[in-house]
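The values are calculated or read from the model by the stated rules, or taken from the named source; none is laboratory data. Everything numeric in this text was worked out from a predicted model, so none of it was measured. Note that each Cβ is placed from the backbone with ideal geometry, even for glycine, and that neighbours are counted across all protein chains shown.
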Amino acid sequence: MLSSQIKSNEIEFGSCNKDLLEEIIFYGIGLGADFVEIFIENSDNASVLAEEDYITSVSPSFGRGAGIRIFKDKRDGFVSTNDLSKNGLMGSVSQAIEMLDITDKNNREVFNGLNKHKNYSLSKKTWINEVPSIHEISEKLLVSTKSLKKNNKIITRKGSYSRNLQEVIIASSDGTYASDIRLHQTVGLNVIASDAQYRSNGSRRFGSSGMPNEFRLWDHEKAANEVFESSMNMLYADYVEAGQMPVVLANKFGGVIFHEACGHLLETTQIERGTTPFENKLNEKIAHESVTAIDEGISEGSFGSLSVDDEGMEPEKSVLIKDGILKKFISDRAGELRTGHKRTGSGRRQNYSFAAASRMRNTYIAKGEYSKEDLINSINDGLYCKSMGGGSVGATGQFNFAVEEGYLIKNGKLTNPVKGATLIGEAKEVMPKISMCGNDLELAPGFCGSISGSVNVTVGQPHIKVDSITVGGR
Amino acid sequence: MNSREITTQISKAADFLNLKKWDYGASFSNDYSVQVDKGEAKQLKASQKQILTLRVWNESNLVGITTTSDISESGIKNALNQANIASDFGNKNESTEFSPLAKDPIKVEELKKRNPAGIKKLLTLLREAEVKLLESHDSIKSVPYNGLSESFYERVYANSDGAFRSYTKSQAALYLYARAEEKDKKPRSSGSVKLGYGVDDIDIESCIKDASKKTISHLNYSSIKTDKYLICFSPESFLTIINAFSSMFNARSILDGVSLSNKTSIGEKLSTEALNVYDDGLHEKNISSSPFDGEGTPTKRLCLINKGRIENFLHSESTARIFKTIPTGHAGLGSKVSVSPDWIVVEKSKKNFDLKTSLDHSTYEGEFVYIEELNAIHAGVRASQGSFSLPFDGWLYKNGEKISIESATVAGDIKYLLKNIINIESNQEVTTSGISPHIWVDELSITGDA
């Protein structure tokens with residue numbers, strides 16, 4: 001049990017820590033801080049890997065620590081530590097104060113003690129006992145990897161599971177006092193197929209938050225069939241010919257392009273850096289009128305959902321783009337302080353060793369009116385990107401994404417599979433070219449790495465058509 | 001607790017739990033970093049971290065593992081207990097043992113450890129660097145990504161057979177990534193990273209100069225026509241490619257079926273006889289060098305490609321046993337032990353008669369694409385298939401002029417690339433990931449939007 005692991009320290013999960021937290025915050029305010037925030041975490045994680053017909057790795061891990069952030073004017077100092085004793089936490093506050101070189105003892109804000117405890121964890125304390133055991137996970141992963149063995153062209157089969165249970169306490173000098181338990185589970189399957197000189201990969205990942213039973217309900221046969229079919233379809237694929245062309249991006253993980261190429265540019269951290277072309281575009285048209293985009297943390301069970309963000313604010317549903325018009329930025333506490341954009345419940349971090357930053361949660365393009373076939377039928381010569389790999393966005397907004405599974409579109413029909421395609425472009429140039437959105441919105445889980453570490457997110461979209469984009473190939 | 005006390009604590013707890021065989025790796029660090037924004041301190045950060053990874057062997061000699069940040073007496077007991085439970089699920093198909101080299105002598109260079117400079121000094125130095133970079137050219141409007149950090153750490157490996165080794169070290173890093181803007185042109189960005197054992201070892205002026213020069217050099221850009229081009233890889237970009245496809249030399253990847261090589265690939269011809277590639281984690285220029293790996297095996301220089309042919313694979317204890325050789329000092333410490341290279345050194349061998357030595361990036365006047373830096377490696381490399389399609393920063397050299405290339409990718413196959421190396425320049429350059437000269441490759445596909 002989580003709460004049994006740290007009784008030797010003064011912070012105790014599952015108990016009232018109000019007096020101690022208030023004492024530490026008063027200490028920081030007394031030293032001249034404008035704002036003091038304490039984030040305390042205890043984590044209980046496990047991962048299991050099955051390869052071929054064996055369990056090859058079982059890795060439990062435990063972590064605990066605190067991240068203390070002090071603001072003075074618009075500057076902030078952040079200290080993280082594994083020492084959860086009173087002395088350890090006070091020492092971290094002193095260190096942050098010293099780093100900021102605070103000599104002015106006048107505070108902009110007054111600390112009147114912590115508010116009533118908002119305990120989001122009450123109904124979640126049993127989760128640790130409800131998640132599948134390592135034995136149960138191992139059994140199901142082995143059945144899953146066995147399901148992947150569909151012919152002799154499959155040369156490697158892997159199934160992986162990871163579970164992250166995080167218990168947090170958040171307290172700050174604006175009175176915020178909250179605690180929560182978060183549970184994330186992911187399971188993935190992947191294969192390599194080979195025949196003579198031909199090779200292909202197939203992979204899928206599934207994930208949920210706050211649903212201890214989800215892994216048991218996971219349809220491993222369906223997943224294995226998808227992975228197998230994808231690898232077989234791509235095994236003898238030719239390399240795509242490079243050039244400018246219209247593309248249709250599939251739903252679910254196709255949304256990774258919007259996430260990377262546009263979503264990140266709508267985080268206030270990008271405004272702070274001066275690296276977003278959308279900084280002064282609020283209420284202006286930045287995308288085709290068919291595009292409405294949303295970022296929210298409230299869809300039940302979605303991988304990016306949360307009861308409360310890492311700064312103690314409940315998440316909201318933020319309409320970022322409405323009919324092509326930019327409506328909102330994704331903001332955290334520092335973002336609000338430095339850019340004026342109101343917080344959206346998006347202050348997130350990987351763990352206590354990172355300061356929270358404005359980060360996406362469940363981010364997707366809203367559904368439109370067309371069917372997938374309508375989109376494909378509208379193209380004479382183009383590319384259908386059924387499955388996307390990873391990608392990245394440069395400091396000036398250029399993005400590139402690997403297409404894991406692609407098919408040529410000829411005269412409105414899907415034809416040959418092609419490999420080696422990369423989509424290249426810039427968000428502000430591509431967004432106006434999303435001319436058709438399908439009616440089949442679906443979400444897919446993923447991990448997003450950025451300034452405050454790796455956080456759980458979902459990406460999503462219906463099928464969408466981009467009128468023209470650069471496709472890298474050979 | 002210090003590392004000796006932790007070892008004693010683990011030994012006592014293991015005895016209590018009747019665990020006869022165990023080992024652990026631990027890391028303890030204090031890190032400090034600063035970022036600035038137009039002269040203002042943006043975020044100042046300090047962290048104290050400890051992480052302990054414990055492995056235990058059960059009576060069936062199956063291994064279980066647990067990682068924890070709790071090194072209290074109860075935390076260690078809990079971790080051992082969890083590792084013992086996990087050992088029930090240990091890999092029955094491939095056994096793991098202590099490295100036979102875990103007690104071999106190692107060379108620990110304590111002289112390379114520096115004292116902390118402190119946050120205030122870091123901040124002052126970074127502020128000055130930002131100002132100088134902004135003043136270096138009118139077009140440089142901001143330095144959106146910057147940071148100066150220093151880290152002080154101790155790494156430990158010990159096992160129940162009496163092996164114990166540790167070292168302490170310091171490392172500092174400066175990165176400056178500038179953004180330049182000119183009217184009616186797209187913004188351009190580039191940067192530089194410098195490492196040192198301490199802040200005073202970092203050549204800050206050279207970092208500023210490199211960041212400025214690189215950023216400005218991309219201001220006059222143009223699209224490139226999609227076609228096949230003669231390519232010159234910078235030392236940094238060639239090392240990026242070699243590292244991205246290092247599974248070719250990785251025994252773990254070979255056993256897992258995700259490498260382009262197989263057990264019998266030693267001796268296979270990959271490239272021109274002029275090419276030698278080593279992994280040399282202890283190289284004097286490698287700031288991040290570690291005298292031993294995750295299993296306690298001493299780090300050493302290992303030849304990977306000798307005169308164009310595969311010479312050795314990288315090994316952990318278990319892969320070495322399967323391949324009937326010895327561990328090479330490239331293991332991690334995990335439930336499934338990973339293997340990875342440390343620091344790649346690329347050299348021109350003495351057998352270099354087949355090279356086109358007229359190809360020199362500073363004098364050649366024909367048309368070629370110079371690849372300065374490859375991006376998005378995680379997305380654009382299919383290591384198990386051998387293919388890559390990667391965006392890059394670089395220039396098109398034509399008629400004695402060089403024009404920065406706007407938004408393009410280079411695509412190909414690693415085996416094709418290695419087979420088509422047509423020149424290896426003489427001068428090696430030190431980068432943050434290794435050492436290499438400029439490497440010329442005959443014809444790779446470039447996709448642009450001209």
request  = Run B:Tyr32 past the list (1) of a type outside the set (Asp, Glu); (2) within 30 Å of A:Phe71 (Cα to Cα); (3) free of Cβ contacts under 8 Å to residues at least 12 places away in the same chain and report the number of the one that doesn't hold.
outcome  = (3)
ask   = Restricting the range B:123-151 to residues that are closer than 30 Å to B:Ser3 by Cβ and touching an Asp or Glu at 6+ places or on another chain (Cβ under 8 Å), which is surrounded by the most Cβ atoms within 10 Å (Cβ to Cβ)?
value = B:Glu150
request  = Considering only the range A:28-75, state which residues are more than 8 Å from every other protein chain (Cβ to nearest Cβ), surrounded by 22 or more Cβ atoms within 10 Å (Cβ to Cβ), assigned to a strand (DSSP E or B) and small (Gly, Ala, Ser).
outcome  = A:Ala46, A:Ala50, A:Ala66, A:Gly67
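Residues B:Asn420, B:Asn399: which one is more than 9 Å from every other protein chain (Cβ to nearest Cβ) and at pLDDT below 90? Before the answer, list the steps.
Numbers: B:Asn420 fails: at pLDDT below 90.
Residue meeting the stated conditions: B:Asn399.
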remark   = Subset of the range A:143-160, residues buried (at least 17 other Cβ atoms within 10 Å of the Cβ) and either aliphatic (A, V, I, L, M) or within 16 Å of B:Asn91 (Cβ to Cβ) (or both), comes to A:Thr145, A:Leu148, A:Ile154, A:Thr156, A:Arg157, A:Lys158, A:Gly159, A:Ser160
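Within the range A:127-159, restricting attention to residues that are more than 14 Å from chain B (Cβ to nearest Cβ) and in contact with a strand residue (DSSP E or B) (Cβ under 7 Å, 6 or more places away or on another chain), which residue is nearest to A:Ser43 (Cα to Cα)?
Filtering the range A:127-159 for residues more than 14 Å from chain B (Cβ to nearest Cβ) gives A:127, A:129-131, A:143-144, A:146-147, A:150-151.
Now restrict to residues that are in contact with a strand residue (DSSP E or B) (Cβ under 7 Å, 6 or more places away or on another chain): A:127, A:131, A:144.
Details: A:Trp127: 13, A:Val131: 15, A:Ser144: 28 Å.
Among those residues, the one meeting the criterion is A:Trp127.
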inquiry  = Return the residues of the range A:84-94 that are assigned to a helix (DSSP H, G or I) and either at positive phi or crowded, with 21+ Cβ neighbours inside 10 Å (or both); say none if nothing qualifies.
reply    = A:Leu89, A:Ser92, A:Val93
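Results for (1) of a type in the set (A, V, I, L, M, F, W, C); (2) away from chain A (no Cβ under 14 Å); (3) without any contact (Cβ under 8 Å) to a residue 12 or more places away in the chain, shown as yes or no for each residue.
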residue: B:Thr96; (1), (2), (3): no, no, no
residue: B:Ala117; (1), (2), (3): yes, no, no
residue: B:Thr124; (1), (2), (3): no, no, yes
residue: B:His137; (1), (2), (3): no, yes, no
residue: B:Pro144; (1), (2), (3): no, no, no
query = Do you know which residues across the range A:211-255 are part of a loop (DSSP other than H, G, I, E, B) and aliphatic (A, V, I, L, M)?
reply = A:Met211, A:Ala237, A:Val240, A:Ala242, A:Ala250
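Counting only residues that are within 14 Å of chain B (Cβ to nearest Cβ) and hydrophobic (A, V, I, L, M, F, W, C), which one in the range A:426-444 is nearest to A:Phe303 (Cα to Cα)?
Of all residues in the range A:426-444, those within 14 Å of chain B (Cβ to nearest Cβ) come to A:426-430, A:433.
Add one more test, that the residue is hydrophobic (A, V, I, L, M, F, W, C), and what stays is A:427, A:430.
Numbers: A:Ala427: 25, A:Val430: 27 Å.
Per the criteria, the residue is A:Ala427.
How about the range A:340-417: which strands (runs of 3 or more DSSP E) wholly inside it have at least 2 residues that are away from every other protein chain (no Cβ under 14 Å) and hydrophobic (A, V, I, L, M, F, W, C)? I'd like the intermediate steps shown before the answer.
Values: elements: A:362-365, A:381-393, A:398-410.
The qualifying strands (runs of 3 or more DSSP E) are A:398-410.
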note = Of the listed residues (A:Phe228, A:Phe253), the one being within 28 Å of A:Val430 (Cβ to Cβ), aromatic (Phe, Trp, Tyr) and crowded, with 22+ Cβ neighbours inside 10 Å is A:Phe253
task = Tell me which of these A:Ile29 doesn't satisfy, since it passes every other one: (1) within 31 Å of the chain's Cα centre (by Cα); (2) under 30 Å from A:Leu337 (Cβ atoms).
result = (1)
task = Write out, first by first residue and then by second, each pair whose Cβ atoms fall under 7 Å of each other, whose residues are 6+ apart or on separate chains, and whose first residue, in the range A:311-325, is farther than 25 Å from A:Gly67 by Cβ while the second is of a type in the set (Asp, Glu).
result = A:Lys317/A:Glu296; A:Leu320/A:Asp295; A:Asp323/A:Glu289; A:Gly324/A:Glu289; A:Ile325/A:Glu284
